[in-house]
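Inspection log for the structure reproduced underneath, given as structure tokens.
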Protein chains: 2
Amino acid sequence: MIKRIDHIGIVVEDVEEALRVYHQALGLPLGETQERPDFAATITFLHAGEIEIELVQPLARDSDAGRFLQRRGEGIHHICLEVDDIEQTLADLGEEGLQLIDEIPRVGPTGERFAFIHPKSAHGVLIELYEHLTSETAHDSDNQ
Amino acid sequence: MIKRIDHIGIVVEDVEEALRVYHQALGLPLGETQERPDFAATITFLHAGEIEIELVQPLARDSDAGRFLQRRGEGIHHICLEVDDIEQTLADLGEEGLQLIDEIPRVGPTGERFAFIHPKSAHGVLIELYEHLTSETAHDSDNQ
């Protein structure tokens, strides 16, 4: 069901400051930066072996990451697990009694689909499920 | 300097309960369990692609994980980065001005060496550095 860990999300106040540690000092290679209006955040990826570290800088205090920053300060926000079939995974986890934040996957800017499991159901960890875009799901997305 | 992410450590109250989510519901394959007197904790690994999830159940309230649990509740405790040469990495990070919890690596039960960077220097993230045991470092360890 779970293929691998895709990325670890870290909420930071200022991505440029965080890059001084994660890129300059630790030497993790830079990946892409995305402006994400759906999260009210700027996200910057760093490569760490086969997975990525995602630095999330909130752009609004009333966003999810903005509230996290005010409540807990900077730190790890979520783990993202890559799955083959997100609908099936969500159905299976619902049957197992896990509380889902998203019962239906959200759709990202390039058509990729993701959903969150509530931390109450995962021992305090916010887990994102993520299905990589394939030609088949991209086609489905075009038809929506 | 950093080769890859080795594992993500999650502090839980009860490993058996946590395995119902991470192993049974999410389907992550079980790895080894270690009793770790040096951490006053039981740790259980789960495989997630090339990296592992480490469930840490504290066995004492005044341990590091025990204090984390009382202060913040269950959740992600640290990220562990594998390095080639831990002494060199610690020296480099010290020069970059990062605050180290361990300036000299600690030695685990099988001779493996690890050290922690203070979360204040890594935007709220407790980072463990870990050098896998090789025949050369095992030999060094024998001589200590």
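The values are calculated or read from the model by the stated rules, or taken from the named source; none is laboratory data. The shown structure was predicted, so the numbers you read here are calculated from the model rather than taken from an experiment. Cβ: placed from backbone, ideal geometry, glycine included. Neighbour counts: every protein chain shown. Remember, those area values only see protein heavy atoms, side chains included, never the ligands or the DNA or RNA. Shrake-Rupley method; radii C 1.70, N 1.55, O 1.52, S 1.80 Å.
Anything in the range B:1-45 that is over 18 Å from the mean Cα position of the chain (by Cα) and without any contact (Cβ under 8 Å) to a residue 24 or more places away in the chain? List them, or say none.
B:Glu16, B:Glu17, B:Arg20, B:Val21, B:His23, B:Gln24, B:Ala25, B:Leu26, B:Gly27, B:Pro29
Which condition number does A:Val107 fail, the rest of (1) crowded, with 18+ Cβ neighbours inside 10 Å; (2) under 13 Å from the mean Cα position of the chain (by Cα) being met?
That leaves (1) as the condition not met.
Restricting attention to the range B:10-53, report how many residues are within 12 Å of chain A (Cβ to nearest Cβ) and in contact with a Phe, Trp or Tyr (Cβ under 6 Å, 6 or more places away or on another chain).
4
Conditions tested, residue by residue: (1) assigned to a helix (DSSP H, G or I); (2) at pLDDT below 95.
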position: A:Ile76; (1), (2): no, no
position: A:Ala91; (1), (2): yes, no
position: A:Ile104; (1), (2): no, no
position: A:Thr110; (1), (2): no, yes
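Among what's in the range A:81-96 and is within 11 Å of chain B (Cβ to nearest Cβ) and in contact (Cβ under 8 Å) with a residue 12 or more places away in the chain, pick the residue that is surrounded by the fewest Cβ atoms within 10 Å (Cβ to Cβ).
Once the filter is applied, the top-ranked residue is A:Asp92.
Return the residue satisfying two criteria in turn: it lies in the range A:112-144 and is modelled with pLDDT under 95 and in a helix (DSSP H, G or I), and of such residues it is farthest from the other protein chains (Cβ to nearest Cβ).
The extreme case among them is A:Asp142.
Considering only residues that are part of a strand (DSSP E or B), of a type outside the set (Val, Ile, Thr) and open to solvent by 10 Å² or more (accessible area, probe 1.4 Å), which ones fall in the range B:8-53? So that I can check it myself, show each step before the final result.
Step one: list which residues in the range B:8-53 are part of a strand (DSSP E or B), which gives B:8-11, B:30-36, B:41-48, B:51-53.
Going one step further and asking which of them are of a type outside the set (Val, Ile, Thr), we end up with B:9, B:30-32, B:34-36, B:41, B:45-48, B:52.
The answer is B:Leu30, B:Gly31, B:Glu32, B:Gln34, B:Glu35, B:Arg36, B:Phe45, B:His47, B:Glu52.
Hey, among A:Leu69, A:Leu100, A:Leu129, which residue is assigned by TED's automatic domain parsing to the domain that holds A:Ala40, under 30 Å from B:His123 (Cβ atoms) and either surrounded by 14 or more Cβ atoms within 10 Å (Cβ to Cβ) or in contact (Cβ under 8 Å) with a residue 60 or more places away in the chain (or both)?
Among A:Leu69, A:Leu100, A:Leu129, only A:Leu69 is assigned by TED's automatic domain parsing to the domain that holds A:Ala40, under 30 Å from B:His123 (Cβ atoms) and either surrounded by 14 or more Cβ atoms within 10 Å (Cβ to Cβ) or in contact (Cβ under 8 Å) with a residue 60 or more places away in the chain (or both).
Could you please find all residues in the range A:81-118 being closer than 21 Å to A:Glu52 by Cβ and touching a Gly at 6+ places or on another chain (Cβ under 7 Å)?
Answer for the range A:81-118, where residues must be closer than 21 Å to A:Glu52 by Cβ and touching a Gly at 6+ places or on another chain (Cβ under 7 Å): just A:Phe114.
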